[in-house]
1. Are any residues in the range A:56-77 in a loop (DSSP other than H, G, I, E, B), open to solvent by less than 20 Å² (accessible area, probe 1.4 Å) and modelled with pLDDT of 95 or more, and if so, which ones?
2. How many residues are touching a Leu at 6+ places or on another chain (Cβ under 6 Å) and more than 10 Å from chain C (Cβ to nearest Cβ) if we restrict to the range B:303-320?
3. Would the range B:164-179 turn up any residue that is under 21 Å from C:ALA94 (Cα atoms), open to solvent by less than 50 Å² (accessible area, probe 1.4 Å) and either more than 21 Å from the chain's Cα centre (by Cα) or outside the structural domain of B:THR222 (by TED's automatic domain parsing) (or both)?
4. So, in the range C:29-38, of the ones that are open to solvent by 50 Å² or more (accessible area, probe 1.4 Å) and within 14 Å of chain B (Cβ to nearest Cβ), which residue ends up farthest from the chain's Cα centre (by Cα)?
5. Filter the range A:152-162 down to the residues that are buried (at least 24 other Cβ atoms within 10 Å of the Cβ) and away from chain C (no Cβ under 14 Å) and list them by number.
6. Quickly run through the range B:233-284 and pick out the residues that are part of a strand (DSSP E or B) and among the acidic types (Asp, Glu).
7. Test A:THR133 against the stated conditions and say whether it is β-branched (Val, Ile, Thr), away from chain B (no Cβ under 14 Å) and within 28 Å of the chain's Cα centre (by Cα).
8. If we keep just the residues of the range A:110-119 that are in contact with a strand residue (DSSP E or B) (Cβ under 7 Å, 6 or more places away or on another chain) and open to solvent by less than 30 Å² (accessible area, probe 1.4 Å), which is farthest from the other protein chains (Cβ to nearest Cβ)?
Amino acid sequence: MKKTLTELADYVGGKVAGDGSIEILGVMTIEDAAEGYITFVSNQKYENMINETKASAVIAAPHIKNSGKPLLVVDNPYLAYAKIVDLMMNVKPAHPKTIAPGATIDKNVSLGNGVTIYPNVFVGANCSIGDNTVLYPGVYIGEDCKIGSDTEIFPNAVVYKACSIGNRVTIHSNAVIGSPSFGYAPDGKTYYKIPHVGTTVIEDDVDIEPNTTISRAALGETRIKKGAKIGCLVAVAHSVEVGENTLIVAQSGIAGSVKIGNNVTIAGQTGVSGHLKIGDNTVIGGRSGVANDLPPNGVFLGAPAMPIKKMRKCYAAIARLPEMRDTVKELTKKVATLENKMK
Amino acid sequence: MKKTLTELADYVGGKVAGDGSIEILGVMTIEDAAEGYITFVSNQKYENMINETKASAVIAAPHIKNSGKPLLVVDNPYLAYAKIVDLMMNVKPAHPKTIAPGATIDKNVSLGNGVTIYPNVFVGANCSIGDNTVLYPGVYIGEDCKIGSDTEIFPNAVVYKACSIGNRVTIHSNAVIGSPSFGYAPDGKTYYKIPHVGTTVIEDDVDIEPNTTISRAALGETRIKKGAKIGCLVAVAHSVEVGENTLIVAQSGIAGSVKIGNNVTIAGQTGVSGHLKIGDNTVIGGRSGVANDLPPNGVFLGAPAMPIKKMRKCYAAIARLPEMRDTVKELTKKVATLENKMK
Amino acid sequence: MKKTLTELADYVGGKVAGDGSIEILGVMTIEDAAEGYITFVSNQKYENMINETKASAVIAAPHIKNSGKPLLVVDNPYLAYAKIVDLMMNVKPAHPKTIAPGATIDKNVSLGNGVTIYPNVFVGANCSIGDNTVLYPGVYIGEDCKIGSDTEIFPNAVVYKACSIGNRVTIHSNAVIGSPSFGYAPDGKTYYKIPHVGTTVIEDDVDIEPNTTISRAALGETRIKKGAKIGCLVAVAHSVEVGENTLIVAQSGIAGSVKIGNNVTIAGQTGVSGHLKIGDNTVIGGRSGVANDLPPNGVFLGAPAMPIKKMRKCYAAIARLPEMRDTVKELTKKVATLENKMK
């Protein structure tokens, strides 16, 4: 597929600076780009590479000037880049829209139109699966689940019984939805296992990356709200609520009964202790440990997490702690000397 | 199922305060409870909700008074709640107790009575599987494994060859038992892979959550002792020993050859360095990094882990480090001024 | 299999100190060893056990003297131990070298000689699989993948479409290779999913442990170079490059576009922020958080990571912070007293 720069600018709602008639073959990264390709700059770190890249054109924000190369100028270059890749390069797989002979469909399962079920899939009794949904090989869906339309569940992902999965949801390989959470009542000698009769609800447009576990509630539900995105190797415990369009990045862990607002970002390897509330629009930096409720619209970092400016000062102070210790020792001596002189 | 409050109190060994004749339909959380249901308070944080909940009765500890609602008074409300849910709401699945046609059972496998093997399971040669054990779809059991009775292995979990799994063990989806651990001998140029001819032993009544890996020993064994519970996304390396009734919460990692005592609790996202010993009954707070042996009966926190009271003081001091730095700077100036005056 | 101590010394290029004619039945750990077995000491911590072990001989470095037991003296005891275990105890599985009836092979797949494909495997269209490669039960290989020779992919591991896997690669159970990474362009209201049209390349002799995810690039490639070893539950994001013979230990996370040099060691539970560079031969201690580029040949620790000597001083200072705070408070009072006296 070839497109002129002007055609691409029109497609993403941008403007051309330079020759709009050049033909673009596709998108490449700024480091690897070859002649005939367009690239993009969305991270300041790479802006100085515009003059070095071999790309024939660059998708760039309005503040980029005088590159010497044709530009596709747009307010959100990252979004424009994604749309152009989708247009020119993203070949969607053609699923057979059939039930493979090697799949097992238990009794009383309702299948929508255009559903694809690959070999070695197991769908438990009383499930319903919406139109055009794809279950890749090795997927397991427990009994009494409701799966929406246009949803994709990738190989070997597992959905335990009686969960609800929305429309246009993506669940990647080896993710586990609806397993019982880590709950044990000590009985004096050993542990009584908490029965998990609640469920997990994954709303529309949620993405869940590989090897992530979203546990079910003991009572009630664990709920991942519309448009939330959960990275790989994340642990979401029982009764957690994740707000709309919230992002939880790889290897983070959310303990039981935490309520996370809308449009929150939780960066990678963060932990949130149980029963906390995190307000809307709050951002939590990577490797943080959240031990208290966090208000909306804040930016937090560290373990225990603090407002990011304060935490950065603490980090700087920690790096100079050994020198500070020496200073304090010296001051102690000097003060003792002064005290002696004053006696 | 309906039960009177008195019947439930008798069932869990508690007492009724108020009208014991009311009929209970089931258990709900204190936030969501509707009329006709019983709820429970086991976390102090929720005690003040007793007067707000719509539940018709509350399972509560003896110190809760005057709620205005009928109470089921019991020393351990959390345990009582779990038992009542099991009694009234926990529908156990009815497994077919057959070998599905789509399963593969290699030669010389011994199967107990009432075993259920679902489709797409693979059981290697020379395995034995005890009575009433359930292997869900997609489970893989390598050759020469011994699986006990009344054990459940959930979809797509994997047990490598020659492991031993006890009775009443639960292994959740996509957990991996008995894979070789991360062991490489540098040979000057690259690495020589350490052969892992040891095994993994999972004793009776152990639970292992989804996506957790319990590696096998290079020599000898990795052993998870009776009643231990291992959370999701945990890494347990070669030759580790986890004591009886010990809890290891989600995303923790235990490096090679660590010996953990009985009744230990290791909270989430903790790391324990190799070859350490952790004494019985010790508790390690979340996100800790254990770099030294820990004695029994202690409570530790932080990275590197310290006694929790000390660590909390350190956290408090870190939060005030920037101010302290300012104070030290000011003191330095003042002392210099004093020294000058004294010259 | 029995070997004399002299035969074993010859096999690993070492020397015997003591009676070389004794017969060795196999290798056991120093704690568990029985008469007739050889053990080894590669960790200083265990050197004092040489006199306690029941082993009949010990593989030891030249600095070990006067043990009273026959020694197999060799510069690298750990390597020698691994080679002897491989020789005497490591029974390699005999794979059937056939395609199991329960496997699904899509159209236009090229299979080398001696390939074993177990039941419930799915191989997508247009894949090629090299000689003697083994795909264990439940493995999924997406379309257009190239898998090398003598490679083993363990049960339920998943390789997404259009990835390239080298020769003598080991991918353990439930690892996920080539899934799209966590990439979303905010469009003002919600997120536009970044299409991932790049790939993942796993070069020769790479090992990937269970439940690890190696994401594909959005454009270009994620590349794990020859001989690198990736531990379990590790997250490697889009466009990362991991150098030759680099080790990344369990539960570490590498964010997008990080470039890691050759022979680097990243210990467990470490996080590396996006777009960073880590130089050759650098070592990063466990639970570190890398927030800046790191030069080659260094040793770093902590979060944020610092040179290890400095970080250790900081840790020591943190442990004494509460006392230091008291000292500073006292100094403040004393200085105020002195200032008053001087007025």
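The values are calculated or read from the model by the stated rules, or taken from the named source; none is laboratory data. Because the structure is predicted, anything quoted here is derived from the model rather than measured. Here Cβ is always computed from backbone atoms with ideal geometry, including for glycine, and neighbour counts include all displayed protein chains. Heads up: the accessible areas ignore ligands, DNA and RNA and are worked out on the full protein's heavy atoms, side chains in. Shrake-Rupley method; radii C 1.70, N 1.55, O 1.52, S 1.80 Å.
1. Within the range A:56-77, A:VAL74 is the sole residue that qualifies.
2. 1
3. Within the range B:164-179, none of the residues are under 21 Å from C:ALA94 (Cα atoms), open to solvent by less than 50 Å² (accessible area, probe 1.4 Å) and either more than 21 Å from the chain's Cα centre (by Cα) or outside the structural domain of B:THR222 (by TED's automatic domain parsing) (or both).
4. Our first condition is that a residue be open to solvent by 50 Å² or more (accessible area, probe 1.4 Å); within the range C:29-38, this holds for C:31-32, C:35, C:37.
If we keep only those that are within 14 Å of chain B (Cβ to nearest Cβ) as well, we get C:31-32, C:37.
Working: C:GLU31: 25, C:ASP32: 26, C:TYR37: 29 Å.
Looking at the filtered set, the residue picked out is C:TYR37.
5. Hits for the range A:152-162 are A:VAL159, A:TYR160.
6. B:GLU241
7. Here the answer is yes, as A:THR133 does meet what is asked.
8. Checking each candidate, the answer is A:GLY112.
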